[in-house]
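The values are calculated or read from the model by the stated rules, or taken from the named source; none is laboratory data. Everything quoted here is computed from the prediction, not taken from an experiment. Cβ placement follows ideal geometry from the backbone for every residue including glycine, while neighbour counts extend to all protein chains displayed. The area values use the complete protein model at the heavy-atom level, side chains included, leaving out ligands, DNA and RNA. Shrake-Rupley method; radii C 1.70, N 1.55, O 1.52, S 1.80 Å.
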Amino acid sequence: MSFHFERWVFRYKYVFGSEHSKYKARLVAKGFKQEHGVNYEEVLSPVVKITTFQYSLETIAVEELELEKMDMKVAFLHGDLHEEIYMSQPTGFTTTGGDHLVCRLKKSLYSLKQVSCMWYEKSKHHIRQLGYRHTNSDPCLYVKHGNDKSRIYHILYVDDMLIAGKDRV
């Protein structure tokens, strides 16, 4: 069991030439207070190898496949924590007489050391449920074989994904 404090990070996101500029707030944990072996074990997640990426793009071009790039919004908030991690209540959310209470984190929170590893594990699980298998040469390249001998490629790079196939679905 571990106990960590939190803090708010405020940012103004300006979108050039757009009326969609906005203020953003993000609750982050003070991950620098975490101790290896106490409240996290694994911190690294694999990243697609540059040679795999280059070969995949060549294959996609030669086979004339449709290519789609996706960025997972707030990806690191989706990972399931395996450790017991507690944090103080977020500033502004304490109630009178309840300021001694703490929050137990069940999902990852930005700046915890294990967030990228938890995100990779969760995404790998979902990709495999869809029928993809990772290649032996790279754990971030997944391939799904169709009945018509076609292939769909799924490339993972942190919280970005490339998906290529014969048809855009």
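Quick notes on this structure:
- The test for being free of Cβ contacts under 8 Å to residues at least 12 places away in the same chain, under 17 Å from Ser56 (Cα atoms) and of a type in the set (D, E, K, R) holds for Arg133.
- Count - residues of region 1-21 that are open to solvent by 50 Å² or more (accessible area, probe 1.4 Å) and either at pLDDT below 75 or under 21 Å from Gly92 (Cα atoms) (or both): 9
- No other residue among Lys107, Lys124 is charged (D, E, K, R), within 30 Å of Lys144 (Cβ to Cβ), in contact with a Leu (Cβ under 7 Å, 6 or more places away or on another chain) and surrounded by 12 or more Cβ atoms within 10 Å (Cβ to Cβ) apart from Lys107.
- Asp138 vs. criteria assigned to a loop (DSSP other than H, G, I, E, B) and open to solvent by 90 Å² or more (accessible area, probe 1.4 Å): no
- Residues in region 84-105 include at least one that is touching a residue at least 40 places away in the same chain (Cβ under 8 Å) and more than 21 Å from Arg26 (Cβ to Cβ).
- Going through (1) at pLDDT 80 or above; (2) part of a strand (DSSP E or B); (3) more than 21 Å from Val158 (Cα to Cα); (4) open to solvent by 100 Å² or more (accessible area, probe 1.4 Å) one by one, Glu64 falls short only on (2).
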